[in-house]
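Novice: Could you have a look at this structure, given as structure tokens, before my questions?
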Amino acid sequence: MTGSGERVVAVVAHPDDAELLAYGTLRRYRQSGAEVTVVTATHGGAGVSLTDAADGARIGHGQRMVETAAAWAGTGVDVTGLGLADGALRADRDLITLIEQELAHRSCTTLITHSPRARNDHQDHLAIGTAAHNAATRLPQVRTVLFGQPHAPGARFTPTVAVDITPFLNDKITALARHRTQGGRWYLDAPYTRHRAADTAWRLRPHAAAEGHGFEGFETPLLTLLHHDAKETSR
Ligand SMILES: [Zn+2]
């Protein structure tokens with residue numbers, strides 16, 4: 001076993017989702033010695049940028065995964081894709097089994113995914129959140145599950161877990177900008193990223209917010225603390 005013994009897997013629907021939900025958190029995990037993997041379920045082929053769509057543009061299946069690889073280049077975070085078609089994911093047996101295999105293969109101890117309970121969120125996000133949470137409950141080595149913040153309006157997200165991402169906030173903005181095919185989307189631009197980090201800080205850690213810190217926030221259905229038990233960590 002290397003590093004912290006923590007193996008973090010972010011299971012998300014589309015290229016760019018892991019950066020949106022948890023870029024700074026995944027970087028912090030990596031910095032602390034965890035093995036970190038981003039698993040993107042779809043190739044994101046339907047996500048043509050607003051400006052390019054107006055010109056009738058299409059994007060190739062591999063193009064958005066190339067952008068995701070560029071977003072994480074040099075960070076030590078592994079990126080892989082399941083190659084599913086986006087827009088119509090269902091949390092059925094096939095998807096749950098596929099994700100369970102990924103989590104088992106990577107001996108996942110901490111799962112980060114979409115909130116399955118968010119309102120108004122993209123149908124693929126809800127399907128992945130549901131399927132990934134379901135898969136994680138079957139695996140004894142998964143000790144912590146975190147749901148990242150959706151960007152849908154009125155999503156009713158109530159974070160209880162806060163991660164200080166101040167040292168990685170500028171890198172997060174740069175990583176989101178690597179998704180060039182998505183240019184023009186407000187939720188990928190710096191003002192929203194900075195707002196969200198500050199908003200989460202003011203909601204959960206106002207003293208830190210007052211000192212200029214930014215946070216990523218998570219809901220959690222499972223959070224295991226102080227798990228340095230030899231038997232548990234070797235499983
Ligand atoms: Zn998405």
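Please treat every number below as a calculation from the coordinates, not as lab data. Computed from a predicted structure; not experimentally measured. With ideal geometry, Cβ positions are generated from the backbone for all residues, glycine too; neighbour counts draw on all protein chains shown.
Novice: Averaging over every viewing direction, what projected area does the convex hull of the Cα atoms of the range 7-224 cover, in nm²?
Specialist: That works out to 11.1 nm², a quarter of the Cα hull's surface.
Novice: Can you order the peptides 78-84, 3-9, 35-41 by their average number of other Cβ atoms within 10 Å per residue, highest first?
Specialist: 35-41, 3-9, 78-84
Novice: Whole angstrom only: what separates the Cα centroid of the range 75-122 from the Cα centroid of the range 203-220?
Specialist: Between the Cα centre of the range 75-122 and that of the range 203-220, the gap is 26 Å.
Novice: Also, I was wondering about something else. Report the full-extension gain for the segment Q31 to Q101: residue separation times 0.36 nm, less the Cα-Cα distance, to one decimal in nm.
Specialist: 22.6 nm
Novice: Could you order peptides 208-219, 19-30 by the average number of other Cβ atoms within 10 Å of their residues, highest first?
Specialist: Top of the packing list down: 19-30, 208-219.
Novice: Report, for the range 7-224, the % of DSSP beta bridges that are antiparallel, rounded to 5.
Specialist: 25
Novice: Highest first, please rank the peptides 198-204, 62-68, 154-160, 128-134 by the mean number of other Cβ atoms sitting within 10 Å of their residues.
Specialist: By packing density, highest mean first, the sequence is 128-134, 62-68, 198-204, 154-160.
Novice: Would you pull out the residues with amide H under 5 Å of G214's amide H, same chain only if 5 or more places away, H placed 1.01 Å from N?
Specialist: I165, T166
Novice: Right, here's the next one. Only helical DSSP H runs with n ≥ 4 go in: add -39500 (n - 2.57) per run for the chain, normalise by residue count and round the 222 nm mean residue ellipticity to 500 deg cm²/dmol.
Specialist: -11500 deg cm²/dmol
Novice: Starting from the amide H of G81, placed 1.01 Å from N in the peptide plane, find each other amide H under 5 Å away whose residue is 5 or more places distant or on another chain.
Specialist: Result for G81 returns T40.
Novice: So for the range 7-224, taking the charge dipole from beta-carbon charges (+1 Lys/Arg, -1 Asp/Glu), which of G184, P140, V79 sits furthest toward the positive end?
Specialist: It is P140, whose Cα lies furthest towards the positive end.
Novice: Can you give me the distance in nm between label points at N170 and A210, each placed 7 Å from the Cα along the Cα-to-Cβ direction?
Specialist: It is 2.7 nm.
Novice: Still on this structure, please answer the following. Whose amide H sits under 5 Å from the amide H of D86, counting only residues 5 or more places off or on another chain, with H placed in the peptide plane?
Specialist: Residues meeting the amide H criterion: H43, G44, G45, A46.
Novice: Right, something else. Quick one: Karplus J couplings for the range 68-73, per residue in order, coefficients 6.51, -1.76, 1.60, θ = phi - 60°, nearest Hz, x for Gly and Pro?
Specialist: In residue order, the calculated couplings are 5, 4, 5, 5, 9, 4 Hz.
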